[in-house]
Amino acid sequence: SDDPNSPDPPDPDEKCWNAGDPKVAPVPDTINRVINGDPFPTAFEISDAQQLAVGAMLRNDDGDGWKNVCTGTLIRPTVVLTAAHCLLKDDYGMTYEPEEIRFGIGEDMTDPEEVFLVESVHMHPRYIDTWNAEHDTGILILQQDATEVYEGIKPIEVNTIELYPWLE
């Protein structure tokens, strides 16, 4: 930029940026596009029942009650997609045990209407660390079928339609 007040672009080799400042947060040019005049395009519409499938991953880290620490999305009646970094217990790659995590759903994620126990926790095998978003995916397997317990919820299936062909 020719603007002398414009900040320097972020160094791509740095591991940490001030994510709270959009002027310095690293955003690939291909993602930072306006589509059909809309800077925040909707990839696809979801129903009210599917909106309920976006829930809270809860942990009781400090022994002071279950708190919302991450989000997750119900993609099958017993399967929740979340971020791998949400499943890390420490810097050595240890993941939380199923009994240390819950998944809460409802219209207000800060006060879930239904809380599900977790049967198993799975982190992408190629996820390396919290400084790298590559392979930052994790799966929770619930002990119960959420669609049988919470009336009106519909899982959001994983999208298989190409959304941004220019990224190829």
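Just so you know, all these numbers are worked out from the coordinates, no wet-lab data involved. Nothing here was measured: the structure is a model prediction, and the numbers come from that model. Cβ placement follows ideal geometry from the backbone for every residue including glycine, while neighbour counts extend to all protein chains displayed.
Couplings 3J(HN,Hα) for region 98-109, derived from phi with the Karplus relation 6.51 cos²θ - 1.76 cosθ + 1.60 (θ = phi - 60°), are x, 6, 9, 10, 9, 10, x, 10, x, 5, 10, 5 Hz, where x marks Gly and Pro. Counted by Cβ distance under 13 Å from Gly104, the other residues give a net charge of -2, where Lys and Arg count +1 and Asp and Glu count -1. Under the simplified labelling scheme, the Met94-Thr160 pair shows an inter-label distance of 3.9 nm, with each label point 7 Å from Cα along Cα→Cβ. Modelled this way, with points 7 Å down the Cα-to-C-beta line, the labels at Asp64 and Glu134 are 3.8 nm from one another.
Looking at region 79-156, I'd like the Rg to Rh ratio, where Rg is from alpha-carbon atoms and Rh is Kirkwood's inverse mean 1/r. Using only Cα positions, Rg/Rh for region 79-156 is 1.00.
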